Each structure stands twice: as structure tokens, then as C-alpha cells.
1. Which residue pairs have Cβ atoms closer than 6 Å, lie 6 or more positions apart in sequence or on different chains, and pair a first residue in the stretch 285-314 that is without any contact (Cβ under 8 Å) to a residue 24 or more places away in the chain with a second residue that is of a type in the set (D, E, K, R)?
2. What's the total number of residues in the stretch 258-280 that are under 18 Å from the mean Cα position of the chain (by Cα) and part of a helix (DSSP H, G or I)?
3. Inside the stretch 189-217, can you point out the residues that are part of a loop (DSSP other than H, G, I, E, B) and surrounded by fewer than 19 Cβ atoms within 10 Å (Cβ to Cβ)?
4. Of the conditions (1) more than 20 Å from Val132 (Cβ to Cβ); (2) open to solvent by less than 30 Å² (accessible area, probe 1.4 Å); (3) not in a helix (DSSP H, G or I), Asp186 clears all except one; give me its number.
5. Would you tally the residues in the stretch 270-295 being aliphatic (A, V, I, L, M), open to solvent by 20 Å² or more (accessible area, probe 1.4 Å) and more than 27 Å from Pro123 (Cα to Cα)?
6. Would you call Ser225 in contact (Cβ under 8 Å) with a residue 12 or more places away in the chain, surrounded by fewer than 17 Cβ atoms within 10 Å (Cβ to Cβ) and in a helix (DSSP H, G or I)?
7. For the stretch 177-211, which positions are touching a residue at least 24 places away in the same chain (Cβ under 8 Å), out of contact with any Ser or Thr (no Cβ under 9 Å at 6 or more places or on another chain) and among the aliphatic types (A, V, I, L, M)?
8. Restricting to the stretch 138-160, name every residue that is assigned to a strand (DSSP E or B), surrounded by fewer than 17 Cβ atoms within 10 Å (Cβ to Cβ) and of a type outside the set (Val, Ile, Thr).
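The values are calculated or read from the model by the stated rules, or taken from the named source; none is laboratory data. Keep in mind it's a predicted model, so treat the numbers as computed, not measured. Every residue, glycine as well, gets a Cβ built from its backbone with ideal geometry; the counts of neighbours run over all protein chains shown. Just the protein is used for accessible areas: all its heavy atoms, side chains included, with ligands, DNA and RNA removed. Shrake-Rupley method; radii C 1.70, N 1.55, O 1.52, S 1.80 Å.
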Amino acid sequence: MPAMYKVRPLHSAGVLAEHLPSCMYALPNLHRAHGTAAPQEEVDPSLQALECRQEEILKRLYELKSAVDGLSKMIQTPDADFDVTNIIQTDEFSPLATNGADLDLMLGKDYGALKDVVINANPSLPPLSLLVIHSLLCERYKILSAVHTHSSVKSVPENLLKCFGEQTKQQPRHEYQLGFTLIWKDVPKPQMKFSIQTMCPIEGEGNIARFLFSLFGQKYNAVTSTLIDSWVDTAIFQLKEGSSKERGAVLRSMNAALGKSSWLVGNELTLADVVAWCALQQTGAANAAPANVQKWMKSCENLAPFSSVMKLLK
């Protein structure tokens, strides 16, 4: 039967065979002779830039880690071996018996008016540290002291009314350098002002003690100042207001510190000793204190400002 349609072939057999691939995928020759270099493949520039950036970041991270490791060895932690005793001993302390600071510079100059520090305190919990600092200030400056009772308090023990001793004003008011007025008042915590018009009250025994002690003009380095502040906070919040377990931990820390020096911070009396001694007296933990703490307490009590406060506790 003849074909209905006759179609002419598009490719001859020879032409079709020439255009067919010899293999499906081209692979490198694994059996290349030794010494023959492999053909160089082109590297994507963006990939190369990414690799360089990664190497730079890793290098900077390594340098940062080294810096952090170095700083971590300088930070004082409870478990660290870093001892700041040598740094404290190199700090120059000026004894409290030397000339005081410039009160006009610290408190502001008031022409014709006496600078008067006014403290409100509750007689049920007298701020002993402020009374000790008052006595120390009296050794440095001419202080006009006064004690008053606010109407919110019904009765005040006689010894607290005379906590500044017998005050006999023998000089005109303008001849004194500083006024120190204590008002027994029903307040939750001690409050202090020295300029009623220009400042808000300072609250808390520790904060007021810091302010008053600064009037001695003592200069400490950063490490010493930090340690003093730390001991003041520890004495107020853990030794005085903390649990029995916290008190025991503080007494052990004090005993260790006093085994290295005569005072809590360095070789001179600081605010840390004043606040810690007063806290021990008010908590009744003085009798159970370790040996080094007992020795330190006797050193404090040999000073007149401390011995005068001891009379208030009897």
C-alpha cells in the first residue's frame, strides 16, 4: 500500500551522530599523572570578601576575649585571690586631728549666717554613729550643739536629752563654725538637712554618716572609698538589720579583714569602723564577736568619742 504522506528526513544519520554528547557529566580525571597542575577555577569575588570578613571578625573576637580575661583577674569577687591590702596601704591617710576641710567650699558660703546641720531621729533607735561623728567634729571645729524634742514624741530618756553633754553657750553664734541640732522626732529613719531652702532631706543613718564624715576632708583612692562604702552598707543592712545568719557571716568577714590591719580599711580610723562598731553595739552581738573583732572594738572604745557613746548604752 503506498504511503499517504512522504516526509523528508531532517537529519542524515551521519550528522545526528556528530552532535550527540559522548558522556552525561564531565568529571575531572582522577588518574592524572603526578606533577600536572589542576586547572585553576575562578573564585567568586563576593565569596572571597565574605571569607576575609569572617577571618577579621574571628580575630577581633579573640582579641576581645583576651581583654576580658585580663580584666576578670582584676575584679574583686568573694572567691577571688586578688588582695587589695597593698593598694590600701599605699593610700595616704591624713589623721583626723589635722586641720579640717573648708566648710564654705563644701557647704556653700552664707554671709552672716551659721551653717546648721539639723537631724531628725527616733529616740527608740538612736543613731549612735551620728553621735560618734558629732564628737569627732567637735575635736576639729567649733560646733554649736543643741538637742530638742518634737511634739510627736511623748518622752525621751534623760541620757538622750543630754547626749551632747551639758551645752553652755558662752560665745556669740557667729563665732561658731557649724551648728549641729538633733531633734528627737517620731520618724521611720533619720533625716538630715543643712539648708532648708535649697536641698531635700538626706535619709538613712548610713547616708547621713557619709555626709558628715566628708566634712573632715579625707581623700581616699577609688579602691579605699569603695571598700568603706561597702562596709557601711554591710553594717547597716546585714549586721544591724539582717538575720542572725547574716550577722555571723559579717562577723567572719570582719575578723578576716582585721587580721590583716588594725582597722577595717587600712591603718587609720574610717567611717567604716564608726558605723560597724555602732551596729555591733545596737545588735548585742559584741560579746559573741571573734578575737580580732574584740580587739578592734577595744581600740575603738579607747577613743573618747566612742567611750562617750558607751555611756548612753548603760
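1. Listed by first residue and then by second, the contacts come to Ser307/Glu301.
2. Just the residues of the stretch 258-280 that are under 18 Å from the mean Cα position of the chain (by Cα), to begin with: 264-266, 270-273, 275-276.
With part of a helix (DSSP H, G or I) added as a condition, the list becomes 271-273, 275-276.
Total meeting the criteria: 5.
3. Taking the stretch 189-217 as the starting set, the residues that turn out to be part of a loop (DSSP other than H, G, I, E, B) are 189-190, 194-201, 204, 217.
Across the stretch 189-217, the qualifying residues are Lys189, Ser195, Ile196, Gln197, Thr198, Met199, Cys200, Pro201, Gly204, Gly217.
4. The number of the failed condition is (2).
5. Quick first cut of the stretch 270-295, residues aliphatic (A, V, I, L, M) only: 271-272, 274-276, 279-280, 285-286, 288-289, 291, 293.
Retained after the next criterion (residues that are open to solvent by 20 Å² or more (accessible area, probe 1.4 Å)): 288, 291.
Okay, now just the ones that are also more than 27 Å from Pro123 (Cα to Cα), so 291.
So the answer is 1.
6. Working: in contact (Cβ under 8 Å) with a residue 12 or more places away in the chain: no; surrounded by fewer than 17 Cβ atoms within 10 Å (Cβ to Cβ): yes; in a helix (DSSP H, G or I): yes.
It is false that Ser225 is in contact (Cβ under 8 Å) with a residue 12 or more places away in the chain, surrounded by fewer than 17 Cβ atoms within 10 Å (Cβ to Cβ) and in a helix (DSSP H, G or I).
7. Leu178, Met192, Ile196
8. If we filter the stretch 138-160 for residues that are assigned to a strand (DSSP E or B), which is where we start, we get 143-149.
Subset that is surrounded by fewer than 17 Cβ atoms within 10 Å (Cβ to Cβ): 146, 148-149.
If the condition is that a residue be assigned to a strand (DSSP E or B), surrounded by fewer than 17 Cβ atoms within 10 Å (Cβ to Cβ) and of a type outside the set (Val, Ile, Thr), then Ala146, His148 are the ones that fit.
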